[in-house]
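Remarks on the structure that follows.
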Amino acid sequence: MVITIFRCLFLLLALAVTAVANGIFYSMTTHLYRASILHFPHKSAQPKDDYIYIKDGALVTRNGKIVVTGERKTIENQYHDVKTHDYSGQLIVPGFIDSHLHFPQTEMLASFGEQLLDWLENYTFPTEGKFSNPEYAAKIADIFLRQLYRHGTTSAMVYSSVHQCAAEALFSAAQKHKMLLIAGKVCMDRHCPSWLQDSPEKAQKESADLIERWHGKDRLYYAITPRFAPTSSPEQLHALGELAQQYPDVYIQTHLNENLNEIAWVNSLFPKHNGYLDVYDKFNMLRPKAVFGHCIHMQEHEWQRMAQSGASIAFCPTSNLFLGSGLFDLKTAEKHNIPVALATDVGAGTSFSMLRTLGEAYKVGQLRGEQLQPLHGLYLMTQGAALAQGLEDKIGNLNPGSDADFVVLDPNFDELTSLRFEQHNEVQDIIFALSMLADDRAISATYIAGEPVYQTHIK
């Protein structure tokens, strides 16, 4: 009897090996997606001309990774026995990367009528105070991530609140969906309500605890996060600079040169420094993997120093317009070869949609007398953003071996867009029109690590 059982087990094992060799089990973890394909395979100074577009294409994923993209007929002949998802007439692009936003500000989106410093005082600080409650933080973290997914965002660089428990809640929520997330606990010990302040010692310790617990775990990364120079004392900036030296592979995120009154305030608080950027520089927080939000009012020596440092910029057009902060100079940033990534900056930013954010970036360019080409803009929220974060081997493109983070866009999501594309449907035209007309209805599906996290209907 025992011998018979072992013989059966051996037979089953042999059959399993044969099945794998013949592609039977392989098809269970391998998926093929039919659609048009658009992405930027590598770094480019001319993304409007340097892209891959396959009108009748297919993408194959296996175990959360991209295997191949190519012409549909060729791919289907090679992978005829795998699970197929038909998005014909739609467009697959890499998942959008949002390089600067605030998850505790989700509920205060579209709060009326202030510029930066008053907006922080009247809206931001009271809202962020709620995040001392772990249950509340977990609730908003789930809502926040759902909003990202339904708008096609698969990766983000996120500011939490000053509370360690809020950062824990955000990392835990992202981990459930295998999301690539960069986030950090905000640090501030002055010029904010006392109940939102930490201290140099607490900021350093709690940040270090979060680094040890989350940085490099699954697809999660930590960012040391002083809110901005005015809310951190020199002692706190020194403590965070020490932390940055202790953990050279973690990210840094903060705000820089956003508002003229803010800049004057920084100059009064740090009179011995040569401008706003120099504050971060002297405290050892200017380096690769440092991402500075806004950078609207930059001096020439700041452009040059940032270029030398390897740091990057998050361009936040909707919040810059909403708060009346100014118009970002993309042309000068790129002239200095500074990596730039597009970002929503929710909650001063007015939408979770990276497509809408692209549309506002175009308008900023128009006001500056410059044209942002639609494919250039798409590059800044996919491959360009990945390069700015040093993650181009993982996200931002549809190259073989990259993580299977991608979005399915439906250009015909309503009557108006269908009418729009009857006559003009070149890929550049599609992206531009979607940046002006699209909302979450244009997102047919969002995939993270090969798994659907949002779908309008099952394919």
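Each value in this text was obtained by applying a stated rule to the coordinates, not by laboratory testing. In this text the structure is predicted, and so the values were computed from the model without any measurement. Here the Cβ is made from the backbone with ideal geometry for all residues, glycine too, and neighbour counts use every protein chain on show.
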* Structure fact -> Measuring from the longest principal axis of the C-alpha atoms of the chain, the long axis of helix 300-309 (C-alpha) lies at a number of degrees, nearest 10, equal to 40 degrees
* Extension gain, residue 300 back to residue 456 (0.36 nm per residue minus Cα-Cα distance, nm) -> 51.4 nm
* Please give the peptides 397-405, 163-171, 209-217, 256-264 ranked by average Cβ packing (other Cβ atoms within 10 Å per residue), highest first, as a rough proxy for protection. => 163-171, 397-405, 256-264, 209-217
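Mind scanning 83/178; 65/331; 43/331; 130/394; 139/202 and naming the pairs with a C-alpha gap bigger than 28 Å? Intermediate results must be reported in sequence, preceding the final value.
Values: 83/178 21 Å; 65/331 34 Å; 43/331 17 Å; 130/394 35 Å; 139/202 25 Å.
Cα-Cα > 28 Å for 65/331; 130/394; rest within.
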* **DSSP bridge orientation in the chain - percent antiparallel, rounded to nearest 5** => 45 percent
* Nearest 10 degrees, 0 to 90: what angle lies between the long axis of helix 164-176 and the longest principal axis of the chain (Cα atoms)? -> 20 degrees
* Structure fact -> Residue-normalised 222 nm signal for the chain, counting each DSSP H run of n ≥ 4 as -39,500 (n - 2.57), nearest 500 deg cm²/dmol, is -11500 deg cm²/dmol
* Structure fact -> By Cβ neighbour count within 10 Å, fewest first, 125, 406, 40 rank 125, 40, 406
* **Answer label for volume of the Cα convex hull per residue in Å³ (calculated), chosen among (1) 161; (2) 196; (3) 151** => (1)
* To do: Quick one: dipole size for the chain, taken about the Cα centre, charges +1 on Lys/Arg Cβ and -1 on Asp/Glu Cβ, in debye to the nearest 20.
  => 1060 debye
* Once fully extended, how much extra length lies between residue 307 and residue 213, figured as 0.36 nm per residue of separation less the alpha-carbon to alpha-carbon distance? -> 30.6 nm
* **Solvent-free Debye scattering, log10 I(q)/I(0), computed from the Cα coordinates of the stretch 321-432 at q = 0.14, 0.16, 0.17 Å⁻¹** => -0.69, -0.89, -0.99
* **Estimated FRET transfer efficiency when R0 is 45 angstrom, pair residue 274-residue 63 (beta carbons, to 0.05)** => 0.35
* Likely footprinting exposure, 119, 195, fewest C-beta neighbours within 10 Å first -> 195, 119
* What's the Cα-based Rg to Rh of the stretch 148-271, Rh via Kirkwood? -> 0.99
